[in-house]
Every structure is written in C-alpha cells, then in structure tokens.
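Undergrad: A single structure is presented below for examination.
The values are calculated or read from the model by the stated rules, or taken from the named source; none is laboratory data. Keep in mind it's a predicted model, so treat the numbers as computed, not measured. No Cβ is skipped: glycine too gets one built from the backbone with ideal geometry, and neighbour counts run over all protein chains shown. Only protein heavy atoms, including side chains, enter the accessible area calculation; ligands, DNA and RNA are left aside. Shrake-Rupley method; radii C 1.70, N 1.55, O 1.52, S 1.80 Å.
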Amino acid sequence: MTPEQAGWFRETFETLVDNVSQAVLGKPNAVRLAFTALFAEGHVLLEDAPGTGKTMLARSLAATVQGTHNRIQFTPDLLPSDVTGVSVYDQSTGRFAFHRGPIFASIVLADEINRASPKTQSALLEVMEESRITVDGEAHGVGRPFMVIATQNPIEQAGTYRLPEAQLDRFLIKTSLGYPDHAATVQILAGSATRDRSAGLSPRITTDAVADMADMAADVHVDDAVLDYVSRIAEATRTDTRTRLGVSVRGCLALVRCAKVWAASQGRSFVVPDDVKDLVEPVLAHRLVLDVESEFAGVTAPEIIQDVLATTAPPVERVA
C-alpha cells in the first residue's frame, strides 16, 4: 500500500464510520471494530443485552456498503438447512435445484446464536472460514463482502448452548455495544418517531469497492519485529497458569489481519505496536479458555490479556 492509498483508505473509512454512526449513536469504537472486521474479511460476535442496537448495527453496515442484509433468529428447533439452504426436486426438469438460505447475503445477523443446537451452529463453520457452503457435495460461494454478526445474551442462559471453542475461534472480533451514554440516549429518544434509523442511510461505497479495500489492506506492511511481538503475546497466553488453552495460530493471524486494517484506517501503510495493543482484547480475549479454579475465583479473559500486555515488551524501534 502506498502512502496515497493509505490516505484515501483513511478518508473512506472515516466516511463509512460517520455514516453508520448516524444510526448507531454514541458507539464509534464498536462501529470502527465492525468495519475493521469487514475489511479484514472476518466476523463479529456481539455479546450484549437485548435492545442495545445490535440489529441496527448490522442493517446500517449493509445499507452503507450497498449490500444485502438477512437476519436469522436462532431457536432450538432451527435446522442447518434453514440457514444454508436446501436442494428441492424439480419435477419439470427432473433435477434437484438448490434453494439458497438466508446465509447468502453481504451482512448476516445471526441473532441469539447460542439458542440453536450445536448441529445448527456447526452449519456456520464452513461458510465463516471459507465463504462457501457445501450441500449435496456441491459448493456454493457466498461472494464478497460477506460478514456474520452473531449475537448472544450474556444474562439469560436458560435453554442455550455454549458456543464451542472451535466456533469462537472463527470470530475475528468479539465486542459489545453496551447502553449509550446520556447524551446519545436523549438523542435517540428525540427521534423515537423513526423506528428504523438505518432506513435513512445512503450507500457510501459499493460491495466491489469493499472487496478492493480488503485487498488493499492486506498489502499493509508488517515488520518482523511486530510479528515477533504478536507471537510473544500468544505464547504468554499459553504459558499463563490461569489458562487451559491460549491463543492459537489462527488467533495470531486474526490479530495481524485486523492490525493491517486498523493501520490503514489511520492513514498508515505500516503497522505499529500500538495497533496491536488497541486490538488485542477484542481479537484475542474470547479465544482463551480459563482454568476452572481461575473461573471460580472470578478471573476474566480481558484481565489476563491486560496482564500479558503489561509483561510483554513491545518493539522499541519504529517499524515501517
């Protein structure tokens, strides 16, 4: 990426964030993280209480990038074919025809994903990793861009199925929106006549341009010293006595991919250690599996991530 391209990327990124922020009020950091995942071609897990704007975020993203949007309400009786689609026999042609499911969209909101059975949850594994699904031995691509925004309620756990570590590891970023501050709440209440704030958003970029920006971000330079820093952070999570499972290599790759987009969004054609620090918690914390005794003691994954950052020295020289 050239400096000129980095400058254009920053301007475009800020335009997109500002557009979505007209509908998702008071949450610029969450919006930036969502666009970071989009341009890094990953997926987002939102763990939040109901009524915090998760659906609004997904709709606003789709409206801003001129893409399609589908919402899947996950329930215990949802079947994998309800997500991916199914082959139906066509008597007129004597052949089976594939009917696409709601997963075929630019932005897919998987609402309350932990309410579906593990069998249905597993229907997302292939498409989240490879951007395609296989039905009756035939592969079907979902196109670019493609992002799953999954939600789960951290409060009500009755009748839910905990997401397995293998599926958590496929989410590029885990974050939350939370309740808006006082000023944003007042602004939302003042516009209560508008039920869907995302409906008034105008597209700011085409889906083809999103794919081009993703390719552009992939070319951001990452110095070996920064890669060494990421590796040492991952190793520290694996050797921490409070964890049973640390960050995988997939987690390291996810952090590097996100750091590239984060750097480009700030107009730089290279990654600095601060980019890694900004993203470590939302990218890596959900990948940790804590020791049972640590869980009972009230230790959290973000606390471990912060301790690891404090004890892992970053590169001291400027990298470019």
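Undergrad: Net charge within 13 Å of ASP169 by Cβ-Cβ distance, Lys/Arg positive one each and Asp/Glu negative one each, not counting ASP169 itself?
TA: +2
Undergrad: Let me ask something additional. Projected area of segment 1-110, taken from the Cα convex hull and averaged over every viewing direction, in nm²?
TA: 10.1
Undergrad: Along the positive direction of the dipole of segment 204-290 (beta-carbon charges: Lys, Arg +1; Asp, Glu -1; about the Cα centre), which of ALA264, THR239, VAL220 reaches farthest?
TA: THR239
Undergrad: Using only helices, what value at 222 nm comes out for the chain when you add -39,500 (n - 2.57) per DSSP H run of length 4 or more and divide by the total residues, to the nearest 500 deg cm²/dmol?
TA: It lands at -13500 deg cm²/dmol.
Undergrad: Would you work out which of VAL127, GLN91, HIS140 lies farthest towards the positive end of the dipole of the chain, given +1 charges on the beta-carbon of Lys and Arg and -1 on that of Asp and Glu, about the Cα centre?
TA: Sorting the options by dipole projection puts first GLN91.
Undergrad: Can you give the charge dipole size of the chain about its Cα centre, rounded to the nearest 20 debye, using +1 on the beta carbon of Lys and Arg and -1 on the beta carbon of Asp and Glu?
TA: Dipole of the chain, to the nearest 20 debye: 620 debye.
Undergrad: Summing Lys, Arg as +1 and Asp, Glu as -1, what charge do residues with Cβ under 12 Å from the Cβ of VAL261 carry, VAL261 excluded?
TA: Counting the neighbours of VAL261, the net charge comes to 0.
Undergrad: Using Cα pairs under 8 angstrom and six or more residues apart, how large is the relative contact order of segment 126-190, in percent?
TA: The value is 20 percent.
Undergrad: Another question, then. What's the extension gain from ASP215 to SER87 if we count 0.36 nm per residue and subtract their Cα-Cα distance?
TA: Length difference between fully extended and current span is 42.7 nm.
Undergrad: Shape of segment 238-316 from its Cα gyration tensor (a ≥ b ≥ c, root eigenvalues): rounded if a/c is under 1.5, otherwise prolate when a/b > b/c, or oblate?
TA: prolate
Undergrad: Also, quick follow-up: How high is the relative contact order of the chain? Use alpha-carbon pairs under 8 Å, at least six apart in sequence, and give a whole percent.
TA: 24
Undergrad: OK, next. Give the carbon-plus-sulfur fraction of the accessible surface of segment 75-115 in %, rounded to a whole number; probe 1.4 Å, heavy atoms of protein chains only.
TA: 51
Undergrad: Write down the Kirkwood hydrodynamic radius of the chain, to one decimal in angstroms, obtained as one divided by the mean of 1/r over all alpha carbon pairs.
TA: One decimal place: 20.7 Å for the Kirkwood radius.
Undergrad: Continuing with the same structure: Is segment 189-320 rounded, prolate or oblate when judged by the Cα gyration tensor, a ≥ b ≥ c being the square roots of its eigenvalues, rounded requiring a/c under 1.5 and prolate requiring a/b larger than b/c?
TA: oblate
Undergrad: Spin-label point model (7 Å from Cα, Cβ direction): what's the PHE296 to ASN29 distance in nm?
TA: For PHE296 paired with ASN29, the spin-label model returns 3.3 nm.
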